[in-house]
Every structure is written in C-alpha cells, then in structure tokens.
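Step one of this worksheet: look at the structure below.
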Amino acid sequence: MSNPAISIIGTGFVGLCTGVGFASKGYQVTTSTHDPEKAALINSGVPPFYEPGLEKLLQKTVRDGRLKCVVDQEEAVLSTDLTFVAVGTPSLPHGGIDLKYVERAAHEIGEALGRKDSYHLVIMKSTVVPETTEKVLKPTLERESQKQCGIRFGLCMNPEFLREGSALHDTFYPDRVIIGEVDKESGETLERFYRDFYAEKMPPAIRTNLATAELIKYANNSFLATKISFINEIANICNKIPEADVKTVAEGIGLDRRINKRFLNAGLGYGGSCLPKDVDALVSHSKKCLRYEPQLLSAVVGVNSNQIDRAIQLARKTVGDLKGKRIAILGLAFKPETDDMREAVSIRIIKKLLSEGSEVVAYDPVAVSNARSLFKEAIQYADSAIECLKGADCCILTTEWEEFKKLKPKDFVQNMNNPALVDGRRIYNHEEFRKEMGFAAIGLGD
Ligand code: UGA
C-alpha cells in the first residue's frame, strides 16, 4: 500500500489536527463528521476551534485538494485505505467513558468494510480504557462487515499524545509512536505508513498488543497528572513554611534527570478535556472492572480538586469576606494558546465565587466567547487585562498567557480598587511585587 489514502472519522481537535498534518505532507485525506455545518466550515478552510497554525495549514490543504470533509462515513471509508477513528469519548457521571461515538463509528466503518474488496486498516486513535478496541470495536467491525479481523481487514490501536496549543508541532515531532496491533500485518502496515510520513524524523516506535497501547495512553496522562499533584502537594507544604518557595524546590528537583523539570509548575492544578477525564476513567475502570483500588491516582484527583479551595482561601486572606467583592479573573482557557474551557479551573473558581456572592469580571485573549455561552449574564467580560482589573478588589490569575506575564505591579495598583493578587499559576515574582508596591500578592506555594 504505497501512499495510502486516509480517512479520519471525527473532526475534533485530534481528528482535524492529525488530518491536516497528514494532508500537508501530500496524503489524500478525507475527514468525516455528522455535522453538516462543521463540514462546510472545514471545507471552506475555517477550523471549528482555535489552535495555533491550524487555520493556515487547513486553508492550504483544502486549497491544494488534499483535504476534504464529508458527512457520509461510508464514502470516507470506501474511498480510502486507512481509517483513523478519532471520535470523542466523553466522561460519564461516575468517571467512566461514554462509548456511544466509538460504537457508532465502528458500526458505520464495519458496514463500509462489508462492501469493500481490498484490504483496509482501521486505526483506533480515540482514548479508550484497556480492552475496548478488542471487545467493542473489533466485534462490531466483524459483525457489520461479515469479515474476520486480521484476515480481510486489519486493526491497530494507536494512541495520540497531542497537546492543545502545540498540536501541529506534536503531530510532526512526536516523542514516540505506539502501535497496538491485532496481527503482524496490521502493525507493519501502520508502521510503514508512519516511516513514510516521518521519513528521517521517525521517532522510536513501540509495537505491542491492543490493551497495552490503550493503557500506555492512560498511564501517560496519569503520570503527568501525578507530577502536577505532587508539586502542588509540595506547594501546600511550602505554604506552611514561611521561608520555603516551591518554584525553587521544583527547580532543585527538576535538575535531577530522573525527575526532569517539566510539569512541575505548581498552582491551580490540571484542567482540560484530557487529564481530568483520563485519570478519572482509569480510577473508575480499576475500581469497577478490575477490582483494584488505585490509591495513588485517587489521591492525585483529590489534591487537584483541593487547589481550587486553596485559591479561594488565599483570596479571602487578602480581601476578607468575598461577598459583594468585585473579583477579576485573568484567564479562562484551561491553558494558554487555546480557547478550550473544558474542565478549566477558571470554571470551578468562578462558580465558587458566584456562590459566595462575589461580582466576577473576566478576561481571556481568546476564550471569552466560550465563557459567554457558559456563564451568560452571570459574570462580566472585559476586553483587556487592564479593563478587567479596573475597580476590582482582588485578582485571581488562572491561565498563564504571555500577555499577563507582561503586567507590572503598577498595573494592578493603578487600576484596582484594592490591589490584591492570587497568582494561581505563579508567573510573577511575588517578593518583588510585595516589596515594590506593598500590596497583597500571593501564589499557591509561597
Ligand atoms: C494532555 C497531554 O499533555 C497530551 O500529551 C495528551 O495527548 C492530551 O492531554 C490528550 O490526552 O489528548 P493537554 O490536555 O493539551 O494535553 O494539556 P497539558 O499541556 O497536558 O496541560 C493539562 C493541564 O495541566 C493544564 O490545565 C495545565 O495548566 C496543567 N499543568 C500543566 C499544570 O498545572 N502544571 C504543569 O506543570 C503543567
């Protein structure tokens, strides 16, 4: 199969970034969605969400005729050789994952496979708990196609590690490629494709079985979450020791190459559509399906959710009772360089402040329109960081956007009613802020 045509079921963040990445290297890519409006947007070169660099590359690939979006999944599969499944696996109320989109995709791909004569490879990219590809995707594909997996079509589990905000970079320069395979031919077909796509930049590849590949994805995100909760625990210990500073502790341990300095930024904890969902799902799956009590991961979740209360306590420490106080929230997105607010810590902070009777005004360089559809008239929205600070009694910084790093103590003092800052991402030098301007600036972990 040289220069295979590719279909991608699902046009969310992973599906679209991956598709655009493949198309930009000359592959013929057909993405598919059930949403005609979304398909029309993509076909006109407009990404349905914000991701740095995506719009430009999408426009180029659409213009060059390398990428299109269809609403007919069968058409997508029948006209291609490889099909990546990149549909969402949202959280269920008790932490498990909802497989309805995976099941629907399996059903549609299976039907198309039944009508196809040539060999086809199906690749699971969605994050699913171990054994889902084997026990849900594979039997559905076999049933709907009336073909045996591993003989008439192949199946791989190929988790993704794209970070929002650097998704295109991660598509072109991943640390590794993980290939879980039902049989050797499936794994070899996918590895060959990646060797061609990455050429001399091919990262290390690990070939394994489906369940191990699925678990690698959960273990990866759970480890990252563990690092964050670990440093937040140390930050909370630092808070009790006047002289201790968590940033220097992180620097000190980060120089140990066995630990490394990444993901040791203490603060409000992790949010987003992946880390919270994946750790919760692994905890829930271990308890319910595997009858194993994951003590460490449960503690990781606990430490993370407590950080919000700690920030609120610090805000109270600087301005007293929060009722009736005007609180400025700098940052709404779950992290910089994205407009994504899914599971953003800002949401939990704002809800808490509203329940305390505070008046909330918020600013974010790109996420304000998402916040509007979430909070509507319940909060006020500012057009700039300075406007957000105007008249506020306390500021809680929740996202470490570059433009916030440029703010100086005088910006807080000159604009706020009562200059007080809870630096939830530890981007300022609090000593300097306190010394220079003499106002209450405090970070989690000071
Ligand atoms: C995460 C993983 O990093 C990706 O490898 C993975 O592919 C992706 O989930 C996924 O499963 O799809 P992402 O959700 O984009 O990527 O965000 P991260 O960069 O991991 O940040 C997650 C959260 O942790 C953010 O809220 C961030 O503010 C927080 N964080 C990160 C900290 O609180 N401290 C840190 O030191 C680092």
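If you restrict to DSSP beta bridges whose two residues both lie in the range 5-123, what percentage is antiparallel, to the nearest 5? Display every interim value, and only then the final one.
Details: 1 of 16 bridges.
Roughly 5 percent of the beta bridges in the range 5-123 run antiparallel, per DSSP.
Go ahead and set up a Gaussian network model of the chain, Cα springs under 10 Å, then flag whichever of 319, 70, 303 fluctuates most.
319
Which of the aspartates and glutamates could a cross-linker span from residue 60 if the Cα-Cα distance has to be under 16 Å and same-chain partners fewer than 8 positions apart are dropped?
Cross-link targets: 51.
Using only the Cα atoms of the chain, build the gyration tensor, take square roots of its eigenvalues as a ≥ b ≥ c, and label the shape rounded, prolate or oblate: rounded if a/c is under 1.5, else prolate if a/b is larger than b/c, else oblate.
In terms of gyration-tensor shape, prolate.
Roughly what % antiparallel, to the nearest 5, for the DSSP beta bridges in the chain?
Counting DSSP beta bridges with both partners in the chain, the antiparallel share is about 5 percent.
If you add up the charges near residue 288, with Lys and Arg at +1 and Asp and Glu at -1, over every other residue whose beta carbon is less than 14 angstrom from its beta carbon, what do you get?
With Lys, Arg at +1 and Asp, Glu at -1, the neighbours total -1.
Report, to one decimal in Å, the Kirkwood hydrodynamic radius for the range 129-281 based on all distinct Cα pairs. List each step's numbers first, then the result.
On the way: mean 1/r = 0.0553 Å⁻¹.
Result for the range 129-281 stands at 18.1 Å.
Got a sec? Charge dipole of the chain, +1 on Cβ for Lys and Arg, -1 for Asp and Glu; which of 67, 394, 39 is way out at the positive end?
394
Give the cross-link partners of residue 138 among the lysines, using a straight C-alpha distance below 18 Å as the criterion and excluding same-chain residues fewer than 8 apart.
Answer for residue 138, where 18 Å is the Cα cut-off: 100, 116, 125, 147, 184, listed by chain and number.
When only DSSP loop residues count, what chymotrypsin sites (Phe, Trp or Tyr not before Pro) in the range 130-216 have their Cβ near at most 14 other Cβ atoms within 10 Å?
none
What percent of all Cα-Cα pairs in the range 353-397 falls into each 10 Å bin, going from 0 up to the bin containing the maximum distance?
Over the range 353-397, the share of Cα pairs per 10 Å bin runs 26, 60, 14 percent.
For the range 325-446, which semi-axes, largest first and in whole Å, follow from the square roots of 5 times the eigenvalues of its Cα gyration tensor?
Working: eigenvalues 95, 47, 33 Å².
They are 22, 15, 13 Å, listed largest first.
Taking the chain as a Gaussian network, where each spring joins two C-alpha atoms under 10 Å apart, which residue of 114, 15, 267 fluctuates the most?
Maximum fluctuation in the GNM of the chain, among the listed residues, is at 114.
Taking K and R as +1 and D and E as -1, what net charge do the other residues with C-beta under 11 Å from the C-beta of residue 147 add up to? Mind dumping the intermediate values first?
Numbers: positive: 115, 116, 143, 152; negative: 117, 142, 144.
Charge balance in the 11 Å sphere: +1.
Based on Cβ point charges of +1 for Lys and Arg and -1 for Asp and Glu, what charge dipole magnitude is obtained for the chain about its Cα centre, in debye rounded to the nearest 20?
600
Check each of the trypsin sites (Lys or Arg not before Pro) in the range 56-128 and keep only those in coil by DSSP with at most 10 other C-beta atoms within 10 angstrom; list them in order.
Taking the range 56-128 and a limit of 10 other Cβ atoms within 10 Å, the loop trypsin sites (Lys or Arg not before Pro) found are 115.
At 0.36 nm per residue, and after removing the present C-alpha to C-alpha distance, how many nm does the segment from residue 261 to residue 75 gain when stretched out fully?
In short, 62.3 nm is gained.
Under the definition of Cα pairs under 8 Å and six or more residues apart, what whole-number percent is the relative contact order of the chain?
Relative CO of the chain lands at 12 percent.
Taking a point 7 angstrom from the Cα of residue 321 along the C-beta vector, which residues in the range 360-400 have backbone N less than 20 Å away?
360, 392-395, by backbone N distance to the label point.
Taking the range 212-243, which trypsin sites (Lys or Arg not before Pro) meet the DSSP loop condition and have no more than 12 other C-beta atoms within 10 Å?
Listed in order of number, the matching sites are 240.
What's the ranking of 278-285, 88-95 by average number of surrounding C-beta atoms within 10 Å, highest first?
Averaged packing, sorted descending, gives the order 278-285, 88-95.
Order 255-265, 330-340, 308-318 from most to least packed using the mean count of other Cβ atoms within 10 Å.
Per-residue mean Cβ counts within 10 Å order the peptides as 330-340, 308-318, 255-265.
Ignoring everything except DSSP H segments at least 4 long, calculate the 222 nm mean residue ellipticity for the chain; use -39,500 (n - 2.57) per segment, divide by total residues, nearest 500. List each step's numbers first, then the result.
Working: 18 runs with 201 residues, N = 446.
Value at 222 nm, helices only, nearest 500: -13500 deg cm²/dmol.
In whole percent, what relative contact order does the range 165-320 give with Cα contacts below 8 Å and a gap of six or more residues?
So the answer I get is 20 percent.
Laboratory data are not the source of any read-out in this text; all were calculated from the coordinates shown. Treat the numbers as computed from the prediction; the structure is a model and nothing was measured. Every residue, glycine as well, gets a Cβ built from its backbone with ideal geometry; the counts of neighbours run over all protein chains shown.
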